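The values are calculated or read from the model by the stated rules, or taken from the named source; none is laboratory data. Only a predicted model underlies this, so the values are computations on that prediction, with no experimental measurement involved. Every residue, glycine as well, gets a Cβ built from its backbone with ideal geometry; the counts of neighbours run over all protein chains shown.
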There are 2 protein chains.
Amino acid sequence: MRAGPSQEEIRRQNLGALLRYVHIHGATSRAELTTSLGLNRSTIGALTADLAAAGLVSERAPRETGRAGRPSLVVRPESGRVFAYAYSIEVDRLRAARIGLGGVVLDRRQSDRPPGLPAVDCLPLLAGFVKEMHQAVPAGSVYVGSGVAVCGRLRRPDGAVHVRPDSAGWARGGELDKPLAEALGELLPQERPVLVSNAADASAVAEHARGAASGYDDVIYLHRDVGIDAGIIVGGRRLTGQGGYAGEVGHMVVNPGGNPCGCGSYGCWETEIGEYALLQAAGRGDAVGREAALRVVDAASRGDANAQAAIRQVGDWLGFGVANLVNIFNPGVVIFGGTLRDVYLAAAARVRSRLNSLALPTPREQVRLRTPQLGEDAALVGAAELAFEHLLADPLDAG
Amino acid sequence: MRAGPSQEEIRRQNLGALLRYVHIHGATSRAELTTSLGLNRSTIGALTADLAAAGLVSERAPRETGRAGRPSLVVRPESGRVFAYAYSIEVDRLRAARIGLGGVVLDRRQSDRPPGLPAVDCLPLLAGFVKEMHQAVPAGSVYVGSGVAVCGRLRRPDGAVHVRPDSAGWARGGELDKPLAEALGELLPQERPVLVSNAADASAVAEHARGAASGYDDVIYLHRDVGIDAGIIVGGRRLTGQGGYAGEVGHMVVNPGGNPCGCGSYGCWETEIGEYALLQAAGRGDAVGREAALRVVDAASRGDANAQAAIRQVGDWLGFGVANLVNIFNPGVVIFGGTLRDVYLAAAARVRSRLNSLALPTPREQVRLRTPQLGEDAALVGAAELAFEHLLADPLDAG
């Protein structure tokens, strides 16, 4: 009987599964691959040989184990040879990195984003970073594609990504007249796929793959850039929503009598926990930005009473919103990213106390509160994950 | 090269895909199956023959089409022959139904649940319904399993389902001393799998498969029984959370200065939109329950000013919470189930107005607000879907 997937398709799936495994877990013995992938030894051997011939993995004998018998060969991703470019377009900063298979940062560049620099003018700067880095790429390397993490929300129907007009970081200087991926792609050295995500989603993907959320299927990564939003993973997959807009937790109204929000509503979560709220509460309402917010955290740690009161207030609202999300999602882990990391660390007891009083018993027992393990690299590493995705889906076709 | 899935496994997958298609879509021509499943004609023919031999589908010539050429045979699920039992354990009512493949209700029974009847004493009543219905089952029928929809939240790790102690409908009379599925299974005529879900999840599954959410991947089904909770589908799959507790939207705090909630918090969504809030706002705080709540809706439609004010107030809070969920999930459709259906219909303009002022522009444009298409049958039909799941996963093994 003939049926849908052919032997060839199955082989591709298995090649992808093996490559994905070493991409996420790093160097792995053939014996472990056999067990973890549920394939027999000869299949693992054949798949590894194919991937090695394509230059995607290498095999070598492990270090002396001291055990008797022939040691199982170790398969590792060719991190130095197979790479993606990753970009992070932030409110006040532009970053690019060359990231090898396995999530290894091989090279990086960074500059401030001048205030008011239009989105369209960020792209040549990023392309310039890539030109520099590309000159240092060893011969025989394989560039598989690019991933971009962008501050603010994006529209993602059918992969054609336009930047949303009302996203502050972009509106401030005019819009792109074509999808970001296409506009950037035209400036890059080689024609390869360019994938775009918002920074919260990219960071969630990275922490899920190889960071603080590793091993959890249900993850909320809280991110602060233009506003507060979240990269959310449910059942192991990114929550995108019907049109790619899911995760706007910053506009969950937590305080109906609260301050006006830029979205037109009142008491949105980001008006209570954002940098402006923190600075305002600390009596520093004339300051702006990440550095100013971090100075409040620092002042609190040195005993400044105003700063401490501000941290308590923001910590309470932080815990309040997290409790709502814990009741709604029953996540395994909530990660506090960006400046929320520092606020959370300074106010962890307040956050936990609000969670205890507002979240239902079992979900609150099941959730872990964490800070990012990949730190500021999360968005870049996550952007690279997007670029590796088509390679992992079909390794021999995409290489 | 040997690889993971064998031809036999692929065949099973395809059998499942075909059976699932006709289960969801009803009678389907072979031509449409060929296109929709992406398999060739001879494969469809062979798969259909296997399923027909197992008594799961039948084939017949379609009615005269008027077109030239040999008409494509029509494949339909054997709804009268292959069935599940479905149960709905509610605060004040017990229901059971015999539901055929394809979601057809073949028979049903119902009784009030006496106030205070312990959970453990509901099960013999349900088993009694099944005994009655089972006597009328035609010879040669196949009972594939049972699905139970339960009011309140359940714990679902590894399929071993215990009823949560703090769930009002259950606590009121003592707990089960074994998993519900096991306790019920022992009372049923034949040993078959018994799957358990909460009513919100079951209703969401049913409306997604064959109701108001058909064709949407991102669905929120708001349900009222013990409290307010939601069956949530994201990316086409049920949101369960890390421990099976996701969907407790009733305990999202919307009004920090609001009324105390049974959970120990204040201003939870269910304190603002629940039946008690509606009755209270209408000056009928001494009444309780579904019927009393529906009388408020009815009074409002007949011009009762107090009732109208209550509907407006609850409608505002209903829209408020829906706006939060729309920002967080970007759903394609939100469905108002149970008595929320009637409140929503009476206050649709208020709900929509709050949504317009509180939700972000694009997600609010993308969401449809709907009432259940399956009405009160949603929980039963959804429970049956759970029971059919293992048949659809491996049709010839499970039949």
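Only one of these is over 20 Å from the mean Cα position of the chain (by Cα), within 30 Å of residue A:11 (Cβ to Cβ) and surrounded by fewer than 20 Cβ atoms within 10 Å (Cβ to Cβ): B:17, B:61. Name it.
B:17
Taking residue B:241 as the residue in question, decide whether it is under 24 Å from the mean Cα position of the chain (by Cα), assigned to a helix (DSSP H, G or I) and under 30 Å from residue B:389 (Cβ atoms).
no
Would you point out which residue out of A:355, A:396 is more than 23 Å from the chain's Cα centre (by Cα), within 14 Å of chain B (Cβ to nearest Cβ) and within 24 Å of residue B:253 (Cβ to Cβ)? Outline the logic, then answer.
Numbers: A:396 fails: within 24 Å of residue B:253 (Cβ to Cβ).
Going through A:355, A:396 in turn, the sole match is A:355.
Of the residues in the range B:252-266, how many are in contact with an Asp or Glu (Cβ under 7 Å, 6 or more places away or on another chain) and either part of a strand (DSSP E or B) or within 8 Å of chain A (Cβ to nearest Cβ) (or both)?
Matching residues across the range B:252-266 total 2.
Picking from A:314, A:288, A:326, A:296, which residue would you name as being farther than 28 Å from residue B:329 by Cβ, β-branched (Val, Ile, Thr) and crowded, with 23+ Cβ neighbours inside 10 Å?
None of the other options fit; the residue is A:296.
State yes or no: is residue B:327 touching a strand residue (DSSP E or B) at 6+ places or on another chain (Cβ under 9 Å) and within 13 Å of chain A (Cβ to nearest Cβ)? Steps first, please.
Details: touching a strand residue (DSSP E or B) at 6+ places or on another chain (Cβ under 9 Å): yes; within 13 Å of chain A (Cβ to nearest Cβ): yes.
When the stated conditions are applied, residue B:327 passes them.
Scanning the range B:365-376 for residues that are buried (at least 20 other Cβ atoms within 10 Å of the Cβ) and touching a Lys or Arg at 6+ places or on another chain (Cβ under 9 Å), which turns out nearest to the other protein chains (Cβ to nearest Cβ)?
Residue satisfying both the conditions and the ranking: B:372.
Just a yes or no: is a residue in the range A:344-351 more than 30 Å from residue A:145 (Cα to Cα) and within 14 Å of chain B (Cβ to nearest Cβ)?
no
On the basis of being part of a loop (DSSP other than H, G, I, E, B), surrounded by fewer than 19 Cβ atoms within 10 Å (Cβ to Cβ), at pLDDT 90 or above and not assigned by TED's automatic domain parsing to the domain that holds residue B:224, does residue B:138 make the cut? I'd like the intermediate steps shown before the answer.
Details: part of a loop (DSSP other than H, G, I, E, B): yes; surrounded by fewer than 19 Cβ atoms within 10 Å (Cβ to Cβ): yes; at pLDDT 90 or above: yes; not assigned by TED's automatic domain parsing to the domain that holds residue B:224: yes.
So residue B:138 fits the description; yes.
Is it the case that residue B:336 is of a type outside the set (Asp, Glu), in contact (Cβ under 8 Å) with a residue 40 or more places away in the chain and not assigned by TED's automatic domain parsing to the domain that holds residue B:150?
So residue B:336 fits the description; yes.
Identify all residues within the range A:233-249 that are more than 8 Å from chain B (Cβ to nearest Cβ) and surrounded by 24 or more Cβ atoms within 10 Å (Cβ to Cβ); write none if there are none.
The answer is A:233, and nothing else.
Of all residues in the range A:180-225, how many are over 23 Å from residue A:84 (Cα atoms), touching a Leu at 6+ places or on another chain (Cβ under 6 Å) and either assigned by TED's automatic domain parsing to the domain that holds residue A:148 or small (Gly, Ala, Ser) (or both)?
The total comes to 0.
Among the residues of the range A:21-45, write down those that are within 14 Å of chain B (Cβ to nearest Cβ) and assigned to a helix (DSSP H, G or I). Don't jump to the end; show me each part of the working.
Of the residues in the range A:21-45, the ones within 14 Å of chain B (Cβ to nearest Cβ) are A:21, A:33-45.
Matches in the range A:21-45: A:21, A:33, A:34, A:35, A:36, A:37, A:41, A:42, A:43, A:44, A:45.
Residues of the range A:267-299 being touching a helix residue (DSSP H, G or I) at 6+ places or on another chain (Cβ under 9 Å), within 14 Å of chain B (Cβ to nearest Cβ) and free of Cβ contacts under 8 Å to residues at least 40 places away in the same chain, which ones?
Of everything in the range A:267-299, those that are touching a helix residue (DSSP H, G or I) at 6+ places or on another chain (Cβ under 9 Å), within 14 Å of chain B (Cβ to nearest Cβ) and free of Cβ contacts under 8 Å to residues at least 40 places away in the same chain turn out to be A:268, A:271.
Contact list please: Cβ distance under 7 Å, first residue in the range B:226-252 and in the same structural domain as residue B:336 (by TED's automatic domain parsing), second residue charged (D, E, K, R) and surrounded by fewer than 24 Cβ atoms within 10 Å (Cβ to Cβ), pairs at least six apart or on different chains.
Pairs found: B:235/A:237; B:235/B:217; B:236/B:217; B:240/B:156; B:242/A:217; B:243/B:155; B:244/B:155; B:244/B:156.
For the range B:5-14, name all the residues that are facing another protein chain (nearest Cβ under 9 Å) and within 30 Å of the chain's Cα centre (by Cα).
Of everything in the range B:5-14, those that are facing another protein chain (nearest Cβ under 9 Å) and within 30 Å of the chain's Cα centre (by Cα) turn out to be B:10, B:11, B:13, B:14.
Of these, B:213, B:246, B:200, which one is at pLDDT 90 or above and within 18 Å of residue B:343 (Cβ to Cβ)?
B:200
Confirm whether residue A:222 is more than 8 Å from chain B (Cβ to nearest Cβ) and among the hydrophobic types (A, V, I, L, M, F, W, C).
Criteria met by residue A:222.
Somewhere in the range A:18-28, is a residue of a type in the set (Lys, Arg) and modelled with pLDDT of 95 or more?
Within the range A:18-28, one or more residues are of a type in the set (Lys, Arg) and modelled with pLDDT of 95 or more.
Within the range B:223-242, how many residues are of a type in the set (Asp, Glu) and either under 22 Å from residue A:364 (Cα atoms) or modelled with pLDDT of 90 or more (or both)?
Counting residues in the range B:223-242 that are of a type in the set (Asp, Glu) and either under 22 Å from residue A:364 (Cα atoms) or modelled with pLDDT of 90 or more (or both) gives 1.
Taking the criterion of being closer than 30 Å to residue B:228 by Cβ and not charged (D, E, K, R), would at least one residue in the range B:65-84 satisfy it?
Yes - at least one qualifying residue is present in the range B:65-84.
Would you check if residue A:382 is within 14 Å of chain B (Cβ to nearest Cβ) and either in a helix (DSSP H, G or I) or not basic (Lys, Arg) (or both)?
Against the criterion (within 14 Å of chain B (Cβ to nearest Cβ) and either in a helix (DSSP H, G or I) or not basic (Lys, Arg) (or both)), residue A:382 does not qualify.
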